[in-house]
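Report on one structure; see the data block that follows.
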Amino acid sequence: DVDFESLVHIFGVKLLDLLGYRPELTRCTQCLRGIIAPHAVIDVRAGGLICRECAPQKLPEYAHTISDAAIKYLLLALDEHFETLKNYRFGTIELSEFKKIARQLLEFQLHKPLTALDAFKGL
């Protein structure tokens, strides 16, 4: 089952989508070609994924590689209902990566750190 902290991050990602800030997770934000995994980069300032060919050699602080599992988790979080998501089982590493990316997406759009999310750790 998905823990409460993860549900809070899922809610945040869904809220961004409703507000018109859905990250691009199927095409490169630079060249618009479909993403061929693995080794994609997520760049919150660019609004989503960047393919290997378009990604800079040295990634800026707001961009980092993203696993296929984390991309899948983000897509599920955006497109599935909470009731459905509660039944998914993800590994600890994928869940941690998802939460990190969700937080970065939220903080970028809000232009400030989300210290309130720390209150949900371990719930």
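Residues in the range 95-123 that are at positive phi and at pLDDT below 80: Gly122 alone. Condition check: farther than 22 Å from Lys14 by Cβ and modelled with pLDDT under 90. Does Thr92 satisfy that? Taking the combined requirement at face value, the residue satisfies it.
Glu83: open to solvent by 60 Å² or more (accessible area, probe 1.4 Å), out of contact with any Cys (no Cβ under 6 Å at 6 or more places or on another chain) and within 17 Å of Lys14 (Cβ to Cβ), yes or no?
The answer is yes for Glu83.
Kindly check whether there is at least one residue in the range 71-80 that is in contact with a strand residue (DSSP E or B) (Cβ under 9 Å, 6 or more places away or on another chain) and in contact (Cβ under 8 Å) with a residue 24 or more places away in the chain. Yes, because at least one residue in the range 71-80 is in contact with a strand residue (DSSP E or B) (Cβ under 9 Å, 6 or more places away or on another chain) and in contact (Cβ under 8 Å) with a residue 24 or more places away in the chain.
Taking the criterion of being out of contact with any Ser or Thr (no Cβ under 6 Å at 6 or more places or on another chain), surrounded by 14 or more Cβ atoms within 10 Å (Cβ to Cβ) and at pLDDT 90 or above, the residues of the range 30-49 that qualify are Gln30, Ile42, Asp43, Val44, Leu49.
The values are calculated or read from the model by the stated rules, or taken from the named source; none is laboratory data. If you're wondering where the values come from, they're calculated on a predicted model, not measured in any experiment. We place every Cβ from the backbone using ideal geometry, glycine too, and count neighbours over all the protein chains shown. Heavy atoms of the whole protein, side chains included, go into the accessibility calculation; ligands, DNA and RNA do not. Shrake-Rupley method; radii C 1.70, N 1.55, O 1.52, S 1.80 Å.
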